[in-house]
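These notes are about the structure you will find just below.
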Amino acid sequence: MAIYVIDDHPLMRDAIVMVLRRVRPGSEVVELSQLSDLDEAVALRGAPEIFCLDLKLPDTVGISGVKVLKATYPAVPLAVISATPAADVEEWCREAGADVYIEKSSGAGEIAATLRAMMQPEGQDGESEDGEAGGPTKLTKRQKQLIIMLDEGLSNRDIAERLGISEHTVKVHLWRLFRRLGVKSRTQTLHFARLNGMLGF
């Protein structure tokens, strides 16, 4: 398994790779400057564990890179790391299949925390799965908290402040929750929760 960093700016790519080597020492990290090199790289370096993708590449337009990656590797986590403000494109990226959107201006600490959380297997973060026996799914205590806060209409920033964690870490927790429930949005999460009696924890 390898981590793929796809960014055409050498300095930024080097910075992300440095972060990844701190987060996951000894991991195979593959650097690419354009998406069209991916198939050959996977054949030579191994299956992807996670993608770190810049939006603006020589061979992509808008969110086309996100769509290509998710169509080819739907189960592989995808973190978009872009200079474009989240308010402009994050929603489009998520609808196209991106799991997390990180602004490059967030800095190394935030990027590292988000990627570390995405690559940490569930059950190794101190949270146990304690869903109801026979229920449609098992949720961690944190995931149950998130559903309640989503039902309260809290934004990611509000959730981050209440839990004392970063906004990007909130995004990772939501990504894990969405994957656990098989949904893609807050609205779908709440619909699923209501149908399955999850709002009476």
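Could you give me D for the chain, from Stokes-Einstein at 37 °C and 0.692 mPa s, where the hydrodynamic radius is the Kirkwood radius over C-alpha pairs? Units µm² s⁻¹, please.
Details: Rh = 17.6 Å.
This corresponds to a translational diffusion coefficient of 186 µm²/s.
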Explain nothing, just the number: dipole magnitude of the chain about its Cα centre with +1 on each Lys and Arg Cβ and -1 on each Asp and Glu Cβ, in debye rounded to the nearest 20. 520 debye
Over the chain, calculate the relative contact order: mean separation of alpha carbon pairs under 8 Å at least 6 apart, over the residue count, as a percent. 15 percent
Kirkwood Rh, angstrom, the stretch 2-119 [1 / mean 1/r, Cα pairs]: 14.0 Å
Three semi-axes of the equivalent ellipsoid, the stretch 141-195, Cα gyration tensor, whole Å, largest first: 18, 12, 9
Kindly count the pairs of lysines across the chain whose alpha carbons are less than 30 Å apart, treating pairs on different chains or eight or more residues apart as eligible. 24
Restricting to Cα pairs below 8 Å that are 6+ residues apart, what does the relative contact order work out to for the stretch 141-195? Please round to a whole percent. 36 percent
Quick one: of the DSSP bridges fully inside the chain, what percent are antiparallel, nearest 5? 5 percent
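Which length gain, in nm to one decimal place, applies between R21 and D8 when the Cα-Cα distance is subtracted from 0.36 nm times their residue separation?
On the way: separation 13, 0.36 × 13 = 4.68 nm, distance 1.91 nm.
Here the segment from R21 to D8 would lengthen by 2.8 nm.
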So what's the angle, to the nearest 10 degrees on a 0 to 90 scale, between helix 186-195 and the longest Cα principal axis of the chain? 30 degrees
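Can you give me the relative contact order of the stretch 2-119 as a percent, contacts being Cα pairs under 8 Å and 6 or more apart?
Values: 187 pairs, mean separation 30.1, N = 118.
Relative contact order comes out at 26 percent.
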Rounded tilt (10° steps) of 108-119 against the dominant C-alpha axis of the chain: 70 degrees
For the chain, the longest principal axis of the Cα atoms and the Cα long axis of helix 167-181 enclose an angle in degrees, to the nearest 10, of 70 degrees
For the residue pair K67 and Q120, what label-to-label distance in nm results when each label sits 7 Å from Cα along the Cα-to-beta-carbon direction? 3.5 nm
Apply the Kirkwood formula to the stretch 49-118: the hydrodynamic radius equals the inverse of the mean of 1/r over all pairs of different alpha-carbon atoms; give it in Å with one decimal. 12.1 Å
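Counting other C-beta atoms within 10 Å, and keeping those with at most 15, which DSSP coil trypsin sites (Lys or Arg not before Pro) do you find in the stretch 1-98? Don't skip to the answer; put the middle values down first.
Numbers: sites: R13, R21, R22, R45, K56, K67, K70, R94; in loops: K56.
Here the sparse-neighbourhood loop sites are K56.
None of the figures in this text is laboratory data; all of them are computed from the coordinates on show. The model shown is predicted, which means the values in this text are computed figures rather than measured ones. Cβ atoms come from the backbone with ideal geometry, glycine included; neighbour counts cover every protein chain shown.
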